[in-house]
Structure formats: C-alpha cells, structure tokens
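> Before we start, here is the structure in question, set down as structure tokens.
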Amino acid sequence: MTDAVTSPSRTPAGSRGRWWFPTLVGYRREWLTSDIIAGLAAGAVVVPQAMAYATIANLPVQVGLYTCIIPMLVYALLGGSRAMSVSTTSTVATLTATTLVTTTTAAGADDPMGALMALTMLVGVMLVIARLLRLGSLVENISTATVLGIKIGVGGTVAVGQLPKLLGETSNASGEGFFRSILAALEAFDSVNWPTVALSAASIVIILLCKRFVPKIPGTLVVVALGILLVWLAHIDESGVALVDPVPSGLPVPGLPDLTDLGALVPGALAIAVMVFLETAAVARGIRRTSEPPIDADQELLAAGAANLAGTFFSVLPSAGGFSQSAVNQSAGARTQLATLVTVALAVLVALFLGPVVSLLPQATLAAMVLVAVAGLIDIPTLVRWARISAVDFWIALVVAVIGLTGGLLAAVAAGVAVTLILVLRELNIPRLEVVGERDGRVAIRTLRGLYTANALANERAIIDLALTRPEPVRAVILDARRLDTVTITVLDTLADLDRELAAQGIVLHIAALPERASVIATRTDWYQGLIAAGRVHAHVAEALAAPV
C-alpha cells in the first residue's frame, strides 16, 4: 500500500523552503483525525514522562510539564521531522542534573531555577551558533561508539539514582556517581518503606507488560492513573508512600535567567547541546518514512536551538527529540507536526486544570517510569556484539561508559568527543594514493584525500616511496591535484620540498588539474611560478602524460 505522506517530488510549487510549519506544506484533510489521535497518544506518554525526567534533575515536576509546552510548540513551527516529539530525554535530564549540581554547589545557591534558565539559554545559543556556522554535518561525525558509551553511563547513573525513591528510603541516601549512589542506598536500607517497594515493583511490571503485550496502551499513563487512584481512594500516602511536591495550577510564568554563574555552566551546556542535536537528528532520521522529505541537519539545529531559547524564559529543561514519545506519535498515525500541537494543547489542559490531581502522584511511580525508560539505554547486547565485530568501537564505548559511571557524564562526553576527533584525524592523516596513469617513465598519482597541514608531510613521503618502488624506473611524477580546492603555506612548502626531494632522485615533478582557487594562491609563490615557467603545470593529467620530461 502506498504511503499517503507527500513525497518531496510532490511538494506544491512555491512552498519549498518555507521556514514556518514546513511539515504542513501540502496538508490533506484526511490526515486530521490521525494527527489528533496521535497527538493525544503521544501526550499520554510525554507528559508524565517529562515530569518524571524533571525529578532526575531534582526539579519540581511542573518543570517537566512546562517542557511539554513551549519547546514542543516552537519545534512544531520550525522542525522538519513530521512525527518527532520534542520535550526532554533521560540523557539530557541527567546531564542537566550534573551541571546544575556542580554549579549550584560551587556557588552556594539554594534555588536552581535561575541557573536552569541560564543553562537552557546557553544550550539554545550554542545550537543556533552551530546552525549559523553550518556545523550540522560536523556534529554528526561523533561516533556511534561514543554515543553508546554515554548512554550506558547515563542509564546506569540514572537507574541507581532512582533507588532511594523506589525503596522509599527516608534516611540520607544521596551519593555522587554510580558506585557511591549504590553504597548510599545500601547504607540506608534499614529505612526502606515496603508499601513503596510494592508500588514500585507493580509499576515496573505494569509498564513492561503493556510494552510487551499491548504496546498501543501507554503503560506510563496506566501507572500514573493507578498511583493517583491509590492515593486518593486507598490513602497509601498514610503508609509512608511519598508524594511529589504540590503542582501549582496555571501556565508557566515568564522569568529571566540568572547570569551570575554563566561561565561555570558553559562546559555542561556544550555537552548538553551536543547530545540534544545528536538525539534530535538520530530520532528524526530514525522515524522518517522514505516518502517524506530528507532531514536537513542544519534545519534541525535551528529548530532545536530556537525551542531551547524560547523555553529559557519559562523554566523548562533543555529539550531534544525523544525516541519513545516520537515512536508512539508515529505509530498512532501522526502525519505532520499538527499532532505535536495537539500534545501541547493536552499539556496546557493538564497545567491549567489538573495540578491538584497530579499532586497526588507518588514519587515511586515517577521513579519506576524513569527506571524503565533508562534501562533501554544500557545496551549491553550491542556492546557484546561490537566486541566480536570491532575491537576499537567496543573499547571506545566501554571506556566512555566507565568514565561516565565513575568520573561523571560531562567527563564522559568530553572524553568521547576527544577520542572521536583523534580517530577522525588519524584516519584523515593516513595517506591514500592512487596511480591514475603511466606512460614512458611518467606516473600520475592522485591523492584520494585533500592535503592540509597535518597530513601534508605524510603524503609527501608516501608519494616519494611510491615513485621509488615502481617496477619500472620513474622519470617524472605527475601530481593530480584536483582535490586541492584550497592550499595553505604549509601545503605549498611541502609541495616545494617534494619537488626538491624528487629532483634529488632524478625525478621531475609536474602539477596537474589544480583548481582555480588554489592556483591563484599558489601563483603568488616563486616556486610555483618557476613550475609554470618550466612548463610543469598542466590543466589535465592526460596533457601532463603527453608532455616532454
């Protein structure tokens, strides 16, 4: 059956490139019912889930609720993914918690809300700057192994952080890091509240059963309703089951960020910005139907940046595309971002009228939802599979995960990005040469990668070695320079040195097919002008092969 979504080739003329509501271009009336149903289904998942993620960062649950309003609305306006739902994710919430704890502790601040607004603002600014610099494809170069390691670190850290709430411990069970959190929970075990343990276990089982046997029924909504009903009708809070803090009714009140500790927030904001884009781009591409327009990385950077900037003034968590709610959105039939507008409307209704009801929600219910959500991040089977396929990817993921569990998630992100850059540079610096022609003692060599400062010397040595190890004596080397769109002083000096080194071996260097932009720069040097005067600069390799030595 042909998918009904408009393909890029069928986009109405005059509407391409429209920056506002791009997913509504060519909207069909028959999609309306599907979008409304999908928006309600996604809202049933994303609203309680976002409130749960707010507790990861030790923030009031209404912060998570507000995150389902402003950022989602802005992404619906600018985003290019038809079915993606943007609020916050466990990874982003955990990085937010780490950053806020570090900053507020160092500054001695009691209220993290001002710092949260400043952090969200920084994330938005960084994403918008990345869009202006067209860094979408660059950010995507962060390796899959790095992302897996970060997610394992996030999953483990968040999971153990929920233990005190799942067990209903009343003694101090706080601990920093994976192992200290486990130790703190064990030391406080004598204060376990068994009704809370029973509620936690039942909530986890219900969510898993719904996911396994009735995936169209949101298990998170079921356990939220169950928890509220048990408090309302059975008064389980009188047995020591802790409830969330009272949730005020009403829409978020605009405010201004606290810029006092802006510098201290920058490292964490950078890590969050990277993860926001990685998750948003991954989800957008992962749920895209083949008949839908391709995902533009730079457009996603702009949409995510604008969503965070707009949310700055309404006390929201940094926002990214979430896979679980997006998958629910798509599976329920979402055709466009109109479904997201329905989800936003649902979140507004909850904020306006259901605050007192949400205040009856047990903390253990939210903790169970978080635990199930982050358990999927601890992807040990993939790690084991990588150990058999690629030792390099396995060790990168493992090291980043261990750093995340022991040294903190910000350190893991930094280590992962650094390792990725090292591997990319190492790969780029390995010379890749190809012989593209030979004739009468002349050999034409093409560099399969561009020359730049870091790999110029390695390529010079590789070209000399190739010329000296040919089966037949080489009298001339023709360098096919078509990939040198730009040249630097270092590259020109290296080419001049290559000319001298080959000449010492009785070999003449010719340059062929140098692009015009690079040629303009090279002509400013005496060495290149000498090559031109000697007739050793050619427009094509074939011309150079035919030239006299």
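> Going by the conditions given, is L531 of a type outside the set (G, A, S), in contact with a Lys or Arg (Cβ under 8 Å, 6 or more places away or on another chain) and assigned to a helix (DSSP H, G or I)?
So L531 does not fit the description; no.
Table: residues versus (1) among the hydrophobic types (A, V, I, L, M, F, W, C); (2) buried (at least 19 other Cβ atoms within 10 Å of the Cβ); (3) in contact (Cβ under 8 Å) with a residue 24 or more places away in the chain.
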position	(1), (2), (3)
A373	yes, yes, yes
R446	no, yes, yes
T453	no, no, yes
L468	yes, no, yes
P473	no, no, yes
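> P71 passes all but one of (1) within 23 Å of the chain's Cα centre (by Cα); (2) modelled with pLDDT under 90; which number fails?
So the condition that P71 fails would be (2).
> OK, next. Just to be sure before I move on: is L148 farther than 21 Å from V241 by Cα, modelled with pLDDT of 90 or more, touching a Ser or Thr at 6+ places or on another chain (Cβ under 9 Å) and crowded, with 22+ Cβ neighbours inside 10 Å in the structure I sent?
No: the conditions fail for L148.
> Condition first: aliphatic (A, V, I, L, M), at pLDDT below 80 and assigned to a helix (DSSP H, G or I). Now tell me which residues in the stretch 276-298 satisfy that.
Answer for the stretch 276-298, where residues must be aliphatic (A, V, I, L, M), at pLDDT below 80 and assigned to a helix (DSSP H, G or I): just A282.
> Here's a follow-up. Here is a check on your reading of the model: is V61 more than 19 Å from the chain's Cα centre (by Cα) and at negative phi?
yes
> Out of V276, V328, V244, report the one residue that is farther than 15 Å from G79 by Cα, crowded, with 20+ Cβ neighbours inside 10 Å and touching a Leu at 6+ places or on another chain (Cβ under 7 Å).
Answer to the selection: V244.
> Here are L383, L317, L366: which of them is of a type in the set (A, V, I, L, M) and surrounded by fewer than 24 Cβ atoms within 10 Å (Cβ to Cβ)?
Going through L383, L317, L366 in turn, the sole match is L383.
> Let me ask you something else. Return a yes/no flag: does the stretch 134-144 have any residue that is more than 16 Å from the chain's Cα centre (by Cα), more than 18 Å from I295 (Cα to Cα), small (G, A, S) and modelled with pLDDT under 90.
For the stretch 134-144, residues more than 16 Å from the chain's Cα centre (by Cα), more than 18 Å from I295 (Cα to Cα), small (G, A, S) and modelled with pLDDT under 90: absent.
> Out of (1) closer than 21 Å to G43 by Cα; (2) crowded, with 18+ Cβ neighbours inside 10 Å; (3) touching a residue at least 24 places away in the same chain (Cβ under 8 Å), the odd one out for L226 is which?
Result: L226 passes all but (2).
> Sticking with this structure for a sec: Residue by residue through the stretch 234-275, note down the ones that are assigned to a helix (DSSP H, G or I) and either at positive phi or free of Cβ contacts under 8 Å to residues at least 40 places away in the same chain (or both).
A234, E238, G263, listed by residue number.
The values are calculated or read from the model by the stated rules, or taken from the named source; none is laboratory data. Source: prediction; values computed, not measured. All Cβ positions, even for glycine, are placed from backbone atoms using ideal geometry, and neighbour counts span all protein chains on display.
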